[in-house]
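K.L.:
Before I ask anything, here is the structure I am working with.
The values are calculated or read from the model by the stated rules, or taken from the named source; none is laboratory data. The structure presented is a predicted model; accordingly, all values stated were derived computationally and were not measured. Cβ sites come from the backbone with ideal geometry, for glycine too, and all protein chains shown count toward neighbours.
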Amino acid sequence: MRRKWLLILAVLGMSGALAGCGQGEKSTEPAAAEEPAAEDKETQGEDGQGGEPSLDESVAKGSDTITQEKYEQVEGGLSYEEVAKLIGSEGEEDTKQKLPENTKRYTWSSDGDQGIAITVFEFVDSKLDSKSQFGFSEDEPLQIRQEQYDQLKLGMPIDQVTKLLGGEGVLTTESDGLGGEFKSQMYTYKGDGEKTYSLHFTDGILVIK
């Protein structure tokens, strides 16, 4: 019985000693850093640095936010960063085609009126040099007859083609050399059944039919 009480007293003594040691030791944990003032937070970006946000912070990831309105707002001479901010997303770089070292090509796509709309922007020396689009038009193609199509000759101006066919087709693709060196367009017409006709013009002249 005495041995049992001695064991209990020993345990209580050890507990008291440990408690005393815990109270006497100083904390080694570092003090929490002070939160910056609210006005300081407002002047800093997400990375804690001041100034304009980076491209990754100011545009969305992905390439599905292009619209016809945004496409038409893009002007020649803009940098890729400026185009991406205007559109609202980063484009997808074309790494499959072999391009000159000073040339880069990016695509943006979105849901157009006739399905998927695709836009292509080409940059030369880091400046936008040309752009093209496919799929933004919502108009129904004008129906023409085979004999009308057969009368078309390469080299005809677009106004002569339009008069011969009885109207203008749907502009499905256009490419602009934004330096003013060329303008390429493709118009689509509807034939009998599921048949369609595509006419390609460069600077207003029929070059492919």
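K.L.:
Looking at segment 95-153, which of the residues that are of a type in the set (Asp, Glu) and buried (at least 16 other Cβ atoms within 10 Å of the Cβ) is modelled with the highest pLDDT? Steps first, answer last, please.
P.N.:
The initial filter retains those residues of segment 95-153 that are of a type in the set (Asp, Glu), namely 101, 111, 113, 122, 125, 129, 138-140, 147, 150.
Next, only the ones that are buried (at least 16 other Cβ atoms within 10 Å of the Cβ) stay: 122, 129.
Working: 122: 92, 129: 88.
So, considering only residues that are of a type in the set (Asp, Glu) and buried (at least 16 other Cβ atoms within 10 Å of the Cβ), the one modelled with the highest pLDDT is 122.
K.L.:
Out of the strands (runs of 3 or more DSSP E) lying entirely within segment 169-209, which hold 3 or more residues that are within 22 Å of residue 72 (Cα to Cα) and not aromatic (Phe, Trp, Tyr)? Step through it out loud before you land on a result.
P.N.:
Numbers: elements: 170-177, 182-190, 196-202, 205-208.
So the answer is 170-177, 182-190.
K.L.:
Applying the selection to segment 162-185, what residues are in contact with a Gly (Cβ under 9 Å, 6 or more places away or on another chain) and surrounded by 12 or more Cβ atoms within 10 Å (Cβ to Cβ)? So that I can check it myself, show each step before the final result.
P.N.:
Taking segment 162-185 first, the residues in contact with a Gly (Cβ under 9 Å, 6 or more places away or on another chain) are 162, 172-173, 176-180, 183-185.
Within segment 162-185, 162, 172, 173, 176, 177, 178, 179, 183, 184, 185 meet the criteria.
K.L.:
Moving on to the next point. Consider residue 172 carefully, then state whether it is in contact with a strand residue (DSSP E or B) (Cβ under 8 Å, 6 or more places away or on another chain), under 19 Å from residue 111 (Cα atoms) and not assigned by TED's automatic domain parsing to the domain that holds residue 104. Working first, answer last.
P.N.:
Numbers: in contact with a strand residue (DSSP E or B) (Cβ under 8 Å, 6 or more places away or on another chain): yes; under 19 Å from residue 111 (Cα atoms): yes; not assigned by TED's automatic domain parsing to the domain that holds residue 104: yes.
Yes.
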